[in-house]
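> Next up is a structure, given as structure tokens.
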Amino acid sequence: MLSARGILQEIHQDDDAFRLFCSIAAKGESQGGWENRRIAALVPDPELAPKVARHGADEDKHGRIFNAMLHRRGLDPVEVPPETDYCMLLERQGIGLAHERLRRDEPMTDADVVEYLVHSRVTEQRAAEDMRLLRRYLGDDPDIGRGIRMICDDEENHLAYCHEELLRRTAVGGSLQIKRALEKTARAEIKVNRDVSLAVMARMGSLLNWSRARRTVLSAGIHATYVYDRVWGTRRMVKLRPPKRVNAMGPRPSAHPNAA
């Protein structure tokens with residue numbers, strides 16, 4: 001089948017394809033966890049730092065969830081092909097804070113913070129959309145559904161937090177700088193997403209023995225999505241609006257609140 005449901009189910013049912021899928025996802029989440037931990041340590045804003053730290057802890061958790069999905073089926077992670085490494089390909093495009101910068105123990109500037117938030121705003125949009133798709137088609141699966149639903153909920157929190165923090169900064173000035181940074185980042189992300197999608201499709205096609213005709217159709221679909229994103233879809237990645245989830249990355253509610 002060429003539907004999203006059919007493709008995701010086919011990947012889920014094949015050990016080699018599922019192993020690659022989860023390995024790519026786990027590496028991206030773990031890398032995001034490291035980046036956010038470093039940013040949290042370097043951010044001078046005492047209100048923002050714990051939110052960044054929570055963002056990083058969530059992404060570390062997501063990496064563990066994807067690895068647990070593998071272990072539950074008796075599978076080990078595989079090495080992630082470099083052409084499918086979304087995070088590193090974005091960094092090579094000059095998007096986000098470079099790892100070399102994050103390894104230095106230098107406090108982040110206001111410009112660094114904006115760059116981090118802009119990068120997160122765009123990439124969390126993609127992550128939230130991808131997880132909604134997984135939740136729709138695999139969210140009821142008895143083995144992996146709970147983990148998918150948990151990650152999906154976290155990604156919605158991350159996206160809401162990025163909107164909130166960027167809106168807070170536009171309210172005190174710098175809105176034009178933020179707008180331009182969002183547009184630049186979205187253009188780069190759309191291209192990287194296309195390239196990674198084509199690379200993942202090629203790998204999955206080999207593992208699942210897809211016919212040349214099927215690969216051609218899927219490749220055309222990826223290119224069509226890229227054109228749509230370039231012409232119309234960029235708006236959803238750059239628009240800022242008050243989130244429905246207010247203070248989504250604030251302190252977690254206590255499990256055992258004190259009685260009044």
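The values are calculated or read from the model by the stated rules, or taken from the named source; none is laboratory data. Treat the numbers as computed from the prediction; the structure is a model and nothing was measured. Glycine gets a Cβ as well: all are built from the backbone with ideal geometry, and neighbour counts include every protein chain shown. Note: areas computed on protein heavy atoms with side chains; ligands, DNA, RNA excluded. Shrake-Rupley method; radii C 1.70, N 1.55, O 1.52, S 1.80 Å.
> Which residues does the label zone of T109 cover in the range 33-50, counting backbone N under 17 Å from a point 7 Å along Cα→Cβ?
Label zone hits: 42-45.
> Find how many whole Å separate the alpha carbon centroid of the range 182-230 from the alpha carbon centroid of the range 1-18.
Here the answer is 16 Å between Cα centres.
> In addition: Positive end of the dipole of the range 149-226, charges at C-beta (+1 Lys, Arg; -1 Asp, Glu), about the Cα centre: which of T216, L198, I178 has its Cα farthest in that direction?
Going by the Cα projections, it comes out as T216.
> Relative contact order for the chain using alpha-carbon pairs under 8 Å, separation at least 6, rounded to a whole percent?
Reported relative contact order: 22 percent.
> At 1.4 Å probe radius, can you tell me the per residue accessible area of the chain in Å²?
That works out to 52 Å² for each residue.
> Calculate one ³J(HN,Hα) per residue across the range 37-48 by plugging θ = phi - 60° into the Karplus curve 6.51 cos²θ - 1.76 cosθ + 1.60, and present them in order as whole Hz with x for glycine and proline.
Values per residue, Gly and Pro as x: 4, 5, 4, 4, 6, 9, 6, x, 7, x, 7, 7 Hz.
> For a quick protection proxy, order the peptides 193-203, 21-31 by their average other-Cβ count within 10 Å, most packed first.
Result, highest mean first: 21-31, 193-203.
> Spelling out what I want: for every residue of the range 223-229, take phi, set θ = phi - 60°, compute 6.51 cos²θ - 1.76 cosθ + 1.60 (Karplus), and round to whole Hz; glycine and proline get x.
My calculation for the range 223-229 gives 5, 5, 5, 4, 4, 4, 4 Hz in order.
> Please turn the phi angles of the range 137-150 into ³J(HN,Hα) values with the Karplus equation 6.51 cos²θ - 1.76 cosθ + 1.60 (θ = phi - 60°), one per residue in order, whole Hz, x for glycine and proline.
Result, rounded to whole Hz: 9, 10, x, 9, 5, x, 8, 10, x, 4, x, 5, 5, 5.
> Same structure again: With +1 on each Lys and Arg Cβ and -1 on each Asp and Glu Cβ, and nothing else charged, work out how big the dipole of the chain is about its Cα centre, in Debye to the nearest 20.
820
> Cα to Cα, under 28 Å, and not fewer than 8 places away if on the same chain: which lysines meet these conditions relative to K179?
In chain and number order, the partners are K51, K191, K239, K244.
> Then there's this: Given R₀ = 41 Å, FRET efficiency for D153-Q177 by Cβ-Cβ distance, to 0.05?
That gives a FRET efficiency of 0.85.
> Build a GNM of the chain with springs between Cα atoms under 10 Å: which of K61, K244, K184 gets the top mean-square fluctuation?
Sorting by GNM fluctuation, first place goes to K244.
> Using only helices, what value at 222 nm comes out for the chain when you add -39,500 (n - 2.57) per DSSP H run of length 4 or more and divide by the total residues, to the nearest 500 deg cm²/dmol?
Rounded to the nearest 500, it is -24500 deg cm²/dmol.
> Counting only protein heavy atoms and a 1.4 Å probe, tell me what percentage of the chain's accessible area is made up of carbon and sulfur.
53
> Treat every Asp and Glu Cβ in the range 73-208 as -1 and every Lys and Arg Cβ as +1, leave all other atoms uncharged, and give the resulting dipole magnitude about the Cα centre to the nearest 20 debye.
480
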